[in-house]
1. Can you tell me which of 256, 278 is part of a helix (DSSP H, G or I) and either modelled with pLDDT under 90 or within 30 Å of residue 194 (Cβ to Cβ) (or both)?
2. Is one or more of the residues making up region 52-71 out of contact with any strand residue (DSSP E or B) (no Cβ under 9 Å at 6 or more places or on another chain) and under 30 Å from residue 148 (Cβ atoms)?
3. Would you mention how many residues in region 129-150 are surrounded by fewer than 21 Cβ atoms within 10 Å (Cβ to Cβ) and either within 22 Å of the chain's Cα centre (by Cα) or at pLDDT 95 or above (or both)?
4. Which condition does residue 372 not pass, out of (1) surrounded by 15 or more Cβ atoms within 10 Å (Cβ to Cβ); (2) more than 23 Å from residue 134 (Cβ to Cβ), if it passes all the others?
5. Would you confirm whether any residue within region 306-317 is closer than 30 Å to residue 87 by Cβ, under 24 Å from the mean Cα position of the chain (by Cα) and part of a loop (DSSP other than H, G, I, E, B)?
6. Check residue 93 against each of (1) out of contact with any helix residue (DSSP H, G or I) (no Cβ under 8 Å at 6 or more places or on another chain); (2) assigned to a helix (DSSP H, G or I); (3) under 24 Å from residue 189 (Cβ atoms) and name the one condition it does not meet.
7. Check region 38-45 and report whether any residue there is modelled with pLDDT under 95 and under 21 Å from the mean Cα position of the chain (by Cα).
8. Just wondering, is there one or more residues in region 393-408 that are within 24 Å of the chain's Cα centre (by Cα) and touching a residue at least 40 places away in the same chain (Cβ under 8 Å)?
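The values are calculated or read from the model by the stated rules, or taken from the named source; none is laboratory data. Since this is a predicted model, take the numbers as computed values, not measurements. Counting neighbours? That spans all protein chains shown, and the Cβs are built from the backbone with ideal geometry, glycine included.
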């Protein structure tokens, strides 16, 4: 005798089955690896398309070639992808050893920006001219800072119950790097470095009272630095109501809002943005999300947000599963760094945060930011591959493929 479940109960059972299957899928050893690969690849692809669209007018006006910036971005991608692939294979010992000289090189490059090799861009002397190539050492410094902090805290794990081991040497070194960035006038990058440092302190379990004290000190210092420059103060405070000074300090933020608002649900279509026709400064760099919202609409912006959320989720899963402290801290630091960029950049475009010149990871134009970001994500992908259960699955698959090739070769000889 069979018992037929009532329709509502059977639907609930099917729904519960789907949820259980989805959870099982997320718990599979290789799920973080595939999520990282997929979200990174999609964001990079969207970025290439949007750089081409957002920069075409500016490139044609300045260089008589609508593809100028897009070609340069594609070249940076071709440089970054092999570097990211190498990063997935780097041994942990080599990576931890390299973190120290990388930090030293970053400090040296930051110092050189204040010499004759330094190049001023948009009022900030934070670029370094190396022949035909210009790089922004602060982007390399963020990556180096994450790896170095991860190595220091992994070595001092047994001592982290004492506050001085939490603070020294991380806070003094972070202070030196931040000071060098501020000498060049780049408050936005300095705030990201503050966020990375505070985030690393939180990850290693700093007591709440120390965390609050450091966060308060950083906030006061940031407000002081903002108020010390009338131009910087105007830029920072204009985000509250950019249309109040629409023809002045609110021009960029105001046009960013207009672009986002005019996109509607599905957008105007790729290449149909009106704001990129000279109205929106830095359309292919800091404000590329506004062009994306105008051309792809709410659907496109939500897709990008979901992809960043997937990337963060997968990386956090890698950090939580890892038993190696360096891997855990480095992965967490990379997530903090990239998500700080995402939050600040999108906050700028939506006029929720001041305009402080932070690019959108993997999407905005710029090789100085793209290469370190892809290499960092390559490291996280490598961590996901080398996690014991994931590595076991990959070994079994390789063994099965070898056996299948051997069987096929034998069958062909017969």
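1. Working: 278 fails: part of a helix (DSSP H, G or I).
After ruling out the rest, the residue left standing is 256.
2. Our first condition is that a residue be out of contact with any strand residue (DSSP E or B) (no Cβ under 9 Å at 6 or more places or on another chain); within region 52-71, this holds for 52-71.
Imposing the further condition that a residue be under 30 Å from residue 148 (Cβ atoms) reduces the set to none.
No, region 52-71 has no match at all.
3. Keep residues of region 129-150 that are surrounded by fewer than 21 Cβ atoms within 10 Å (Cβ to Cβ), which gives 129-135.
From what is left, the residues that are either within 22 Å of the chain's Cα centre (by Cα) or at pLDDT 95 or above (or both) are 134-135.
Within region 129-150, residues that are surrounded by fewer than 21 Cβ atoms within 10 Å (Cβ to Cβ) and either within 22 Å of the chain's Cα centre (by Cα) or at pLDDT 95 or above (or both) number 2.
4. Of (1) surrounded by 15 or more Cβ atoms within 10 Å (Cβ to Cβ); (2) more than 23 Å from residue 134 (Cβ to Cβ), only one is false for residue 372: (2).
5. Taking region 306-317 and keeping what is closer than 30 Å to residue 87 by Cβ, we get 306-317.
Still in the running and under 24 Å from the mean Cα position of the chain (by Cα): 306-317.
From what's left, part of a loop (DSSP other than H, G, I, E, B): none.
Within region 306-317, not a single residue is closer than 30 Å to residue 87 by Cβ, under 24 Å from the mean Cα position of the chain (by Cα) and part of a loop (DSSP other than H, G, I, E, B).
6. Here residue 93 clears every test but (3).
7. Start the filter on region 38-45 by keeping residues that are modelled with pLDDT under 95, which leaves none.
Within region 38-45, none of the residues are modelled with pLDDT under 95 and under 21 Å from the mean Cα position of the chain (by Cα).
8. Quick first cut of region 393-408, residues within 24 Å of the chain's Cα centre (by Cα) only: none.
The answer is no, given that none of the residues of region 393-408 is within 24 Å of the chain's Cα centre (by Cα) and touching a residue at least 40 places away in the same chain (Cβ under 8 Å).
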